[in-house]
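Report on the structure given below.
The values are calculated or read from the model by the stated rules, or taken from the named source; none is laboratory data. Only a predicted model underlies this, so the values are computations on that prediction, with no experimental measurement involved. Cβ sites come from the backbone with ideal geometry, for glycine too, and all protein chains shown count toward neighbours.
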Amino acid sequence: MNLLLTLLFLLHPGDAIVLKFHMYPELNDTAVVDIDTTMELPLIGRLNVKKFEVDNLRDTLYTLYSQYLKSPTFTVTLLYKVSVFGEVMRPGLYYVSPSDRVWEVIARAGGPTKRGNIKKLKIRRKGEILNINTWKAVTEGKLLKELGVESGDVFEVPKKFWPTLDEIYKAATTIAVIYTIYKDLSSQ
């Protein structure tokens, strides 16, 4: 039995697992935990995963798939949803793996905008900011599981304090146009 990812993690609605079969690629699938804490799996059908830790789920899947396949060899990768908001190109919800790095999460959202201050990245859980040095985590390539990131956490990229040169140029141009129009109107 070849199973990856040794984590104690309970599955919650919205989480997902990626199943990859080595000898049966047609069975490869991404299964999402539904609101009733069940997931639909190839060959097996609906399975209630409410009380399963990820490690127990692997063992159960091996037992269940052994009824249909001879010595099934597969990997199970946990995915959970996080939100990425603020100054990123594509804010939204993303599936991530505990073995992803912080910068990979931000990259999935298209990376920071010109105004995005990645050095001040915050990770929130249930409205509270986690006490994590996120810039150090980015520069050192820390894994999400090393930081304790969980399903439902929110990554927030704030704006830089100072405007970009492009914004300064646009503001100066707008002021110059308004001044020119005002000057022309007042001289008539």
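Of the listed requirements (1) more than 30 Å from Thr139 (Cα to Cα); (2) among the acidic types (Asp, Glu); (3) at pLDDT 95 or above, Glu87 misses just one: (1).
Screening Trp103 with (1) aromatic (Phe, Trp, Tyr); (2) assigned by TED's automatic domain parsing to the domain that holds Glu140; (3) touching a strand residue (DSSP E or B) at 6+ places or on another chain (Cβ under 6 Å) gives one miss only, at (3). Filtered by the rule that a residue be within 26 Å of the chain's Cα centre (by Cα), not in a strand (DSSP E or B) and not charged (D, E, K, R), region 26-80 gives Leu27, Asn28, Val33, Ile35, Thr37, Pro42, Val49, Phe52, Val54, Asn56, Leu57, Leu61.
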